[in-house]
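Below: one structure, written as structure tokens.
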Amino acid sequence: MAKINKTTTSEIVAEFNSKSEMLVQILQTIVGRFGWIPEETIRQLADELNLSRADVHGVVEYYHDFRTSEPGKHIVKICQAEACQAMGSRELTDYAKKTLAMSFHDTENDITLEPIYCLGNCACSPAVMINGKTHGRVDEARFNTLLDELRGSD
Amino acid sequence: MARTRIYVPRETAAVSVGADEVALAIAQVSKKNGSKIELIRNGSWGASWLEPLVEVEVDGARIAYANVSASDVESLFDSDFIKGGEHERRLGPTIEIPYLINQDRWTFWRCGLINPLSIEDFEQHQGFKALTKAFSEGAESVLASVLASGLRGRGGAGFPTGIKWRTVADAPGEQKYIACNADEGDSGTFSDRILMESDPMGLIESMAIAGFAVGASKGYIYLRSEYPLTHSILSRAIATARDAGWLGDNIKDSGFDFDIELHLGAGSYVCGEETAMLESLEGKKGIVRYKPPLPAIEGLFGKPTVVNNVVTLASVANIINLGGERYAGMGVERSKGTLAFQLAGNIKRGGLVEKSFGITLRELIDDFGGGTASGRPVKAVQVGGPLGAYIPAEHLDTPLDYEAFIAIGAMVGHGGIVVFDDTANMATLARFAMEFCAIESCGKCTPCRIGSTRGVEVVDRMIAGEKREENYDLLVELCDTMEDASLCAMGGMTPYPVRSVLKYFAEDFASSEEAQ
């Protein structure tokens, strides 16, 4: 994933007409394109949107999507919500943590593992999102296949 | 010879189990063997358990093939499926699938039927007819129809839509807004998503009708970021409607201006609460506001705002087309019309079932759902999302109706029905309810912010068998405080699932201890 810099930040702010009420959309766009929000970007956004650094920081800290550290190349999210629990997502989560030898929010070997609370795929539980794509009816075997595809894509 | 139409859904559930790969394989095999086909990416009929559900149009009738995988495609062509040929995946005509024909499709009737991104297809299926009718009959007539329909907010709160619209229409001010809540964060719910992916222009049309009725020229859709495919479909549909002159200034020479801006959420569950959503739309932290003032008086940017859920809004077009009385003729008591129930979790035939109010949980779970996926007995059913009570098997004959559910300490909410079999540990789920509240609390009020964390600790002590009776009383007291003193439903209703576990499944705390 490309690295964000001053110019790209300004371009994104301009896409939203430098409106401070678009802050959540601006941050979402940054995370979508670059994966995370560095501290210097928060400062720059505060300057360009005429907000205090505390305002921008507060919004970044508030929302789960706004990561402030660089994630791995691949982001694997496992749904933890009730419908997926009813179909074994707790067991799938334990299996994934063991297989990948990592905990939630860790990044190892290019993979970041995160919890997610509902992907709206509750009739095809358990659900997993990999790099923004939702997969349904994920058992251990299918999880392994998805991981193999991910590694094969590198 | 005309090309044979083949439909492969582009909808999250279908795509999550391989619909894109199936579509690709169909394109490749048909190219290789020279079959003349037209591949249409429709939305979903909502029978998620049959996905990917491929349909072939033969002599005007659509023949369904269920649970198709990419590896089936060669053999489907070998079986002449483009003429409706026999194959182990063949279900028969789509319109004969009992799961679908036994529904009362009012709001979701175009879902699965049309290509969601084709404005021609939409218009051929009554698209923009209701908006045109609204223009000719006037705003007062629209407000009267919505009030007569008895439609209540489908997001969970069940507030009468007609009264909300009337309040905004009567509120003084030049600038008013329509804010569509598409932050469908409750586990077990996906009806908003299916509608937006399968009939996005239906939502656009209904939002324009709402704008016309109350005098709003701008609408916002607040869509959760967990739905990237929905975002792609919805943004293309908005652009298409705008290009065709159904959004923008002076729509079809009506003198009415209306446009829609699509916003993405950022992973906060509380932003599904209407005032938190408004804060987020304004670019701020999604922290709930005190009420009053109601959003209908002081909403987005302080202006009068209609905040409605996706399904609520999308139900309006047909209310205008067919009349409010007709809608009110379905359902029971004060729960008029239909609700899109969503069968989820441990269920054999999961998916969307739009049905008139009054159907029982048992009918939904057994007749439509076919019982649990595991084949084991149902232990508990959570209705209405993570803030809904866990209902034990003995209450499955309760009719789905707002008031009947309140009477058993539960709620219909957004119509999500999550089924658990007898292997579920309810103490763990009570703990999860508190844990989820602790993770998602916006932090503004103390009962929610602190109460949820203390709740996890108390449940943990009960599970560990530590002073169980004292901790039981403490947990009940904590639930009372959260319920009475929280600002919004997050802290105020987290006690519902917890109390239901204490009431119906208290023995699971004991079994947890024994397991240790």
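Readers should treat all values here as calculations from the given coordinates under stated rules, not as data from a laboratory. Keep in mind that what you see is a predicted model, and the values were worked out from it rather than measured. A quick note on method: Cβ atoms are made from the backbone with ideal geometry, for glycine too, and the neighbour counts reach across all protein chains shown.
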## Note on the structure
Taking region A:82-132 and keeping residues over 19 Å from B:GLY351 (Cβ atoms), in a loop (DSSP other than H, G, I, E, B) and at the interface with chain B (Cβ under 7 Å from one of its Cβ atoms) leaves A:TYR117, A:GLY132
### Message
Quick test for you: out of B:ALA171, B:ALA182, B:ALA208, pick the one residue that is over 20 Å from B:ILE233 (Cβ atoms) and aliphatic (A, V, I, L, M).
### Response
B:ALA171
### Which listed residue is within 13 Å of chain B (Cβ to nearest Cβ) and not hydroxyl-bearing (Ser, Thr, Tyr), from A:ILE42, A:ILE37
A:ILE37
### Task
Would you be able to say whether some residue in region B:470-478 is farther than 24 Å from B:ALA424 by Cα, in contact with a Phe, Trp or Tyr (Cβ under 8 Å, 6 or more places away or on another chain) and surrounded by fewer than 24 Cβ atoms within 10 Å (Cβ to Cβ)?
no
### Query
Among the residues of region A:30-76 satisfying the criterion of being of a type in the set (Phe, Trp, Tyr) and in a helix (DSSP H, G or I), which is farthest from B:GLU279 (Cα to Cα)?
A:PHE34
### Message
Please go through region B:250-286 and give me each residue that is more than 14 Å from chain A (Cβ to nearest Cβ) and without any contact (Cβ under 8 Å) to a residue 24 or more places away in the chain, ordered by number.
### Response
B:ASN250, B:ASP253, B:GLY255
### Residue in region A:3-20 that is nearest to the other protein chains (Cβ to nearest Cβ), counting only those that are in a helix (DSSP H, G or I) and surrounded by fewer than 16 Cβ atoms within 10 Å (Cβ to Cβ)
A:GLU15
### Message
I'd like to verify a number: residues in region B:223-249 that are more than 13 Å from chain A (Cβ to nearest Cβ) and in contact (Cβ under 8 Å) with a residue 60 or more places away in the chain, how many?
### Response
7
#### Entry: Residue list for region B:288-321, restricted to those being surrounded by fewer than 16 Cβ atoms within 10 Å (Cβ to Cβ) and of a type in the set (A, V, I, L, M, F, W, C)
B:PHE301
### Query
Take the residues of region B:49-58 that are acidic (Asp, Glu) and part of a strand (DSSP E or B): which is surrounded by the fewest Cβ atoms within 10 Å (Cβ to Cβ)?
B:GLU57
### Task
Residue by residue through region B:8-48, note down the ones that are crowded, with 22+ Cβ neighbours inside 10 Å and not small (Gly, Ala, Ser).
B:VAL8, B:PRO9, B:ARG10, B:GLU11, B:THR12, B:VAL15, B:VAL17, B:VAL22, B:ILE26, B:ASN42, B:TRP45
### Filter result for B:ALA23 (closer than 23 Å to B:GLY350 by Cβ and part of a helix (DSSP H, G or I))
yes
